[in-house]
1. Please report, in Å, the Rg and the Dmax of chain B, where both are computed over Cα atoms only.
2. Where the centroid of each part is defined by its Cα atoms, how far is segment A:56-73 from segment B:1-37 in Å?
3. When chain B is treated as a GNM, springs tying every alpha-carbon pair under 10 Å, which of B:Pro80, B:Pro157, B:Pro34 comes out with the largest mean-square fluctuation?
4. I'd like the per residue volume of the convex hull spanned by the Cα atoms of segment A:1-106, given in cubic angstrom.
5. Give me B:Arg120, A:Arg139 sorted ascending by neighbouring Cβ count inside 10 Å, so fewest comes first.
6. Set the bar at 20 Å for Cα to Cα. Now go through A:Lys19/A:Lys124; A:Lys148/B:Lys135; B:Lys55/B:Lys148; A:Lys19/A:Lys96; A:Lys111/B:Lys96; B:Lys129/B:Lys153 and name every pair that lies beyond it.
7. Compute the label-point distances linking A:Asp137 to its equivalents in the other copies; points lie 7 Å from Cα along Cα→Cβ; give nm, one decimal, shortest first.
8. Is it possible to state the helix-based mean residue ellipticity at 222 nm for the protein assembly as shown, with each DSSP H run of 4+ residues giving -39500 (n - 2.57), the sum divided by total residues, to the nearest 500 deg cm²/dmol? What is it?
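Computed from the coordinates by the stated procedures, all read-outs in this text should not be read as laboratory data. Owing to the predicted nature of the structure, the values given are computational and were not obtained by experimental measurement. All Cβ positions, glycine included, derive from the backbone under ideal geometry; neighbour counts span all protein chains shown.
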2 protein chains.
Amino acid sequence: MKNPQIPLELLITYGATFKEYQKGEIIFSENEYPNYYFQVVSGSIKMFNTNDEGKEFTQGYFLRGQSFGEPPLLINERYPASAMAFQNMEVVRVPKQKFFQILEEHPQIQKDFLILMARRIHNKATTSKDIINQKADFRIKAFLNSYKKGDEKELIPFTRQEIANFTGLRVETVIRTIKNMAKKKQLEVRDHKIYY
Amino acid sequence: MKNPQIPLELLITYGATFKEYQKGEIIFSENEYPNYYFQVVSGSIKMFNTNDEGKEFTQGYFLRGQSFGEPPLLINERYPASAMAFQNMEVVRVPKQKFFQILEEHPQIQKDFLILMARRIHNKATTSKDIINQKADFRIKAFLNSYKKGDEKELIPFTRQEIANFTGLRVETVIRTIKNMAKKKQLEVRDHKIYY
DNA sequence: CGGTTCCTTGAGGATGATCAACGAGGGTGG
DNA sequence: CCACCCTCGTTGATCATCCTCAAGGAACCG
């Protein structure tokens, strides 16, 4: 695990336990009260909401080394979204009180969390403005840009459904829009795979 | 100023300066790099984005005592949105380096900021899910709920345009939807004023 | 090879956007 | 006090984008 939010060894000294999840399993659900601090050991998770009509909205993905679900823990509120294993994966967790204790006893870690939270807000503000009030192709471009690593054209490892869930669009709209973008040379589709 | 994020006296010992803005004046703009830590002394500000077609999206309002624009400051990034005086108002500000110094020298304040950032994320996650993927009346209800203080029916102090900017809708849509909600007794409109 | 997941296409529909006027109320200066 | 202006609210008509529904097709995996 590279650059874990909190080193595993440290977590272990505070009584951390490890747990495996199969792809699709729920780690916690919207509206529950948090009891643990979580970190991804391997694999990744998806944070998401489901609306009245069953349509899903993806708040974000969390990869190996990243912590997730801390804000509600810090402010004693219910989870605003659910967390699901996006692949077979492993998490490490410590009980709430232990987490607070870690923050107290390790000022540098507390500071790291302040920076992390700031980064998350920045991210969410950017994502919001890129989705709300924007046309389908703009939303998709914003998504692709944010998940792109380098400058070269690269394979986008998300299904059209996943892109739809993240951008607040429907699969069919994503398919048609992407086709259009390909026609305008804004991206490439080879073998149903998207390169951007 | 009640419950200011950082007490004014303390800010002053770190060289804070005060500045007044007229309603509509810009305090900082999207894409600029931050140089100051800001706090509202009186009045309020609006954080917002403008899209290609000039349509505005309101990220949030910040009232007296609240700090704003800290996340980009903490992570050395550009502002993702602009800040404008929503009324005639006053801010207090300290230079970036002084702000970091305050955090270093006052652990309790650093902790307060961690909590504050967590609260903001929680808020943004909630707002996102209430806007993206939702129908007009749901968006408006979510907005009204979030800005409502008590349990009694109360006057909503926002224009329809402001509601539109916050919910990602158009004024006309807000007007028509509110009219409809009034017909369904979900709120009241007397003298053009909204009670909810 | 069969099942599962993902992708695709077309037709039709609905919600919200756009455009163009106009109305209402409040404040200001003559 | 009245006229004017400015901001905000309102309405109707038309339009566009995206959604919905329904039906297959393609790719991949065990």
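1. 18.3, 57
2. 31 Å
3. The residue with the greatest mean-square fluctuation here is B:Pro157.
4. Normalising the Cα hull of segment A:1-106 by residue number yields 88 Å³.
5. Ascending number of Cβ neighbours within 10 Å: B:Arg120, A:Arg139.
6. A:Lys19/A:Lys124; A:Lys148/B:Lys135; B:Lys55/B:Lys148; B:Lys129/B:Lys153, as the Cα separations exceed 20 Å there.
7. Copy-to-copy label distances at A:Asp137, shortest first: 3.5 nm.
8. Helices in the protein assembly as shown give a 222 nm mean residue ellipticity of -12500 deg cm²/dmol.
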